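The block underneath contains the structure these notes are about, expressed in C-alpha cells.
The values are calculated or read from the model by the stated rules, or taken from the named source; none is laboratory data. The structure presented is a predicted model; accordingly, all values stated were derived computationally and were not measured. Don't worry about glycine lacking a Cβ; one is built from the backbone with ideal geometry, like all the others, and counts go over all protein chains shown.
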Amino acid sequence: MQWAFTKARELNVHFLMAFVHDCIIAFSDMCDIALRAEETYMFDFNAARVTMLDSQIRTNDVTDFAIQAAFRKIPRELFVPKSKMALAYGDANVDVGEGRWLIRPRDFSKMIDAADIAKTDVVLDIACGRGYSVAVMAELAETVVALEETDEAVERATSILERCGVTNAAVVKGELKAGAPEHGPFDVIFVNAAVSTVPQTWLDQLANGGRLLVAKAEGPLCRVMVFTKTGDKVGERIVFDAQIPTLPGFTPEQEFVL
C-alpha cells in the first residue's frame, strides 16, 4: 500500500512539472509573437508615412522638396490618441479630442504649400491641438508660436513637441479669437480648422506681406483661403475646396425667423 501512495505522488509531481514546463513555453511563445507584432506595427508607421507622401501629397501638386521632407520626417502617429494611431496616415481628418482635428494629409499639405513659409518667417499656429502642424511648420520657419485655450492642451502639445526634438516652437495659452498680439506681428498665421468668419484681430496681427491661411465654412464644404496683407490693405484668394471640420466657437450663429 505504501508503495502505491509513493508512486502516485511521483506521478503527480511529474505531471505538475510537465504542466509548468508547457506553461512556460506557451508564455514564451506569446511574448515572442507580441514582440514581433510590435516591431511590425512600428515598421508599418514608417511605411505608411512614405505611402502618405507618395499617394496623398506629391500627387496633389505639392512639389516643394522642403515641405515633402518635413512630412517625411515628422511622425504623425505621435500626435493622435493611442487608440487612433492606425488612422494617422489615412486619407481623412482624425478627431484628436476636445474639438481639435488632424487635417487630412492632402488638405494640410496644400495649405502649407499655399502659406509659402520661408526660413526667416515667424508663424502663429491657431488651435494647434496636439502640435502636429507646429512640428511640420517648425521645419520650414524660423519660429512657430502655437496657441491653445487650456493649460492641459498647452502641456500636452509641448510634451509631444519636446519628444520630437522641436526646439524653435512654443505653445502658449490664450483665447483663439484674440490671437497672440504680444508675440506678433506674424509672417504667417495658420488656422487648424474651418471658421464661419475671420476675426479682424487675426488680420491685424499680420506683418506687411503676411499671409493668413484659413478654411471658411460654407455649408457642407469649406473654401481654403489665403489673406495677404499689403500696407493697410488685405487681399484674399481661394486656394481650393475641402471638407475641414469647423472650430468650436466659430460656427455661424443660427437665425430665427418669426
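Scan the range 190-207 and report the pairs whose first residue is over 22 Å from G219 (Cα atoms) and free of Cβ contacts under 8 Å to residues at least 60 places away in the same chain and whose second residue is of a type outside the set (A, V, I, L, M, F, W, C) and part of a helix (DSSP H, G or I), with Cβ atoms within less than 8 Å and a gap of 6+ or a chain change.
T201/K177; T201/P181; D204/P181
Given the range 41-140, what helices (runs of 4 or more DSSP H) lie entirely inside it while holding 2 or more residues that are small (G, A, S) and touching a helix residue (DSSP H, G or I) at 6+ places or on another chain (Cβ under 9 Å)? Spell out how you get there, then give the answer.
Numbers: elements: 65-73, 105-115, 132-138.
Fully inside the range 41-140 and qualifying: 105-115, 132-138.
Can you spot a residue in the range 82-102 that is among the acidic types (D, E) and closer than 23 Å to A146 by Cα?
If we filter the range 82-102 for residues that are among the acidic types (D, E), which is where we start, we get 91, 95, 98.
Filter once more, keeping what is closer than 23 Å to A146 by Cα: 95, 98.
Yes, the conditions are met somewhere in the range 82-102.
I'd like to check something: does the range 173-191 contain any residue that is part of a strand (DSSP E or B), in contact with an Asp or Glu (Cβ under 7 Å, 6 or more places away or on another chain), among the aromatic types (F, W, Y) and surrounded by 12 or more Cβ atoms within 10 Å (Cβ to Cβ)?
Scanning the range 173-191, I find at least one residue that is part of a strand (DSSP E or B), in contact with an Asp or Glu (Cβ under 7 Å, 6 or more places away or on another chain), among the aromatic types (F, W, Y) and surrounded by 12 or more Cβ atoms within 10 Å (Cβ to Cβ), so the answer is yes.
Can you tell me how many residues within the range 197-244 are within 20 Å of D113 (Cα to Cα) and part of a loop (DSSP other than H, G, I, E, B)?
Looking only at that region, the number is 2.
List the residue pairs whose Cβ atoms are under 9 Å apart, where the first residue sits in the range 153-173 and is in contact (Cβ under 8 Å) with a residue 24 or more places away in the chain and among the basic types (K, R), the second is part of a helix (DSSP H, G or I) and surrounded by 14 or more Cβ atoms within 10 Å (Cβ to Cβ), and the two are 6 or more positions apart or on different chains.
Filtered contacts from the range 153-173: R163/L78; K173/A153; K173/V154.
Identify all residues within the range 122-134 that are of a type in the set (A, V, I, L, M) and under 9 Å from the mean Cα position of the chain (by Cα); write none if there are none.
Matches in the range 122-134: V134 only.
Only one of (1) among the charged types (D, E, K, R); (2) closer than 21 Å to V166 by Cβ; (3) exposed (fewer than 14 other Cβ atoms within 10 Å of the Cβ) fails for D113. Which number is that?
Single failed check for D113: (3).
Condition check: among the charged types (D, E, K, R), over 23 Å from T143 (Cβ atoms) and modelled with pLDDT under 95. Does E218 satisfy that?
yes
Quickly run through the range 208-255 and pick out the residues that are surrounded by 15 or more Cβ atoms within 10 Å (Cβ to Cβ) and of a type in the set (G, A, S).
Within the range 208-255, G210, A215, A217, A242 meet the criteria.
Being under 29 Å from V154 (Cα atoms), touching an Asp or Glu at 6+ places or on another chain (Cβ under 7 Å), modelled with pLDDT of 95 or more and among the small types (G, A, S) is the requirement here; does A70 meet it?
Values: under 29 Å from V154 (Cα atoms): yes; touching an Asp or Glu at 6+ places or on another chain (Cβ under 7 Å): yes; modelled with pLDDT of 95 or more: yes; among the small types (G, A, S): yes.
Answer is yes for this residue.
Among the residues of the range 126-152, count how many are surrounded by 15 or more Cβ atoms within 10 Å (Cβ to Cβ), farther than 21 Å from A69 by Cβ, without any contact (Cβ under 8 Å) to a residue 60 or more places away in the chain and not aliphatic (A, V, I, L, M).
Of the residues in the range 126-152, 3 are surrounded by 15 or more Cβ atoms within 10 Å (Cβ to Cβ), farther than 21 Å from A69 by Cβ, without any contact (Cβ under 8 Å) to a residue 60 or more places away in the chain and not aliphatic (A, V, I, L, M).
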